[in-house]
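The values are calculated or read from the model by the stated rules, or taken from the named source; none is laboratory data. No experiment lies behind these values; they were computed from the predicted model shown. Every residue, glycine as well, gets a Cβ built from its backbone with ideal geometry; the counts of neighbours run over all protein chains shown. SASA here: full protein model, heavy atoms, side chains in, ligands and nucleic acids out. Shrake-Rupley method; radii C 1.70, N 1.55, O 1.52, S 1.80 Å.
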Amino acid sequence: MTAIYPGSFDPITLGHIDIIERAARCFDRLYVCVMMNADKKNPMFTPEERMEFVKKAVARFENVQAESWQGLLTDYAVQKGATVLVKGARNVCDFDNEYQMSLINRSIKPDLETLILPASAPYIHFSSSMAREMIRYRQPLKRYLPPEIAEDVAKIAEQKHIGR
Ligand code: PNS
């Protein structure tokens, strides 16, 4: 069975990795797909940078592949032959958003299921927006980001003059 874990991943955090690790155990193949969120207009990192971070962060998982897609998620699912979308939820607010998105996706493609995994306890306060705040204030990133990308993220942030 093939599943997709879509997101904007700006940048990918340890909370995302927790979901990926657990979802990878449930499916034969998991595509982690870097996408556009129309509500998030000014990402800190370009799609190419986010994709590189995801690629490095998931390299250790044998059945996980990083990809990117600019269109509709349901079209990507058809292209990949995926039957399940994986989403993570840290709280009722996340659940409500994901529930609404699942209804939209199922209205387009009724046989595409959404599996919502509850975040593991150590990561319930993790988010990409929190990671971006830590990047802006030049805080140590290994606490929030996968170790494989923490230095790259800090370097790119420096090159882009992000933060102080
Ligand atoms: O990490 P995010 O920002 O919560 O991810 C949201 C994302 C990218 C999965 C969502 O915005 C999305 O699916 N975008 C692709 C366009 C699409 O298919 N929209 C309809 C479903 S809401």
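Is there a quick way to get the dipole size of region 77-142? I mean about its Cα centre, with the Cβ of Lys and Arg at +1 and of Asp and Glu at -1; what is the value in debye to the nearest 20?
Magnitude of the dipole: close to 380 debye.
Using a 1.4 Å probe and counting only protein heavy atoms, arrange Cys33, Cys93 so the residue with the most accessible area comes first.
Cys93, Cys33
With a length cut of 27 Å (Cα positions projected on each helix's long axis) and a Kyte-Doolittle mean of at least 0.0, go through the chain and give me the DSSP H helices that pass.
None clear 27 Å together with a mean of 0.0.
What percent do you get for the relative contact order of region 94-164 when only Cα pairs under 8 Å and 6+ apart count?
It rounds to 23 percent for region 94-164.
Of Ile156, Ile124, which has the most accessible area and how do the rest follow, probe 1.4 Å?
Putting Ile156, Ile124 in descending order of accessible area: Ile124, Ile156.
Full-extension gain between Asn63 and Ser127, please, as 0.36 nm times their residue separation minus the C-alpha to C-alpha distance.
20.6 nm
Taking just the C-alpha trace of region 59-141, give me its Rg and Dmax in Å.
15.5, 45
Given 0.36 nm per residue, what is the gain on full extension from Leu103 to Arg22 after removing their alpha carbon distance, in nm?
26.8 nm
Amide H neighbours of Ser68 under 5 Å, at least 5 residues apart or on other chains, H built in the peptide plane: list them.
Val34
Which value results when the Cα radius of gyration for region 1-78 is divided by 2.2 N^0.38 Å?
Against the empirical 2.2 N^0.38 Å value, I get 1.03 for region 1-78.
Between region 38-67 and region 95-136, what's the alpha-carbon centroid distance in Å?
Their Cα centres are 15 Å away from one another.
At q = 0.10, 0.20 Å⁻¹, what is the log10 ratio I(q)/I(0) for region 14-164, with the Debye formula run over Cα points and no solvent?
Summing over Cα pairs of region 14-164 leads to -0.37, -1.51.
Mean residue ellipticity at 222 nm from the helices of the chain, using -39,500 (n - 2.57) per DSSP H segment of n ≥ 4 over the full residue count, to the nearest 500 deg cm²/dmol?
-13500 deg cm²/dmol
Quick one: what does P(r) look like for region 104-157 with 10 Å bins over all Cα pairs, in whole %?
Spelled out bin by bin, region 104-157 gives 20, 35, 21, 21, 3 percent.
Multiplying the sequence separation of Asn37 and His161 by 0.36 nm and subtracting their Cα-Cα distance, what value in nm do you get?
42.2 nm
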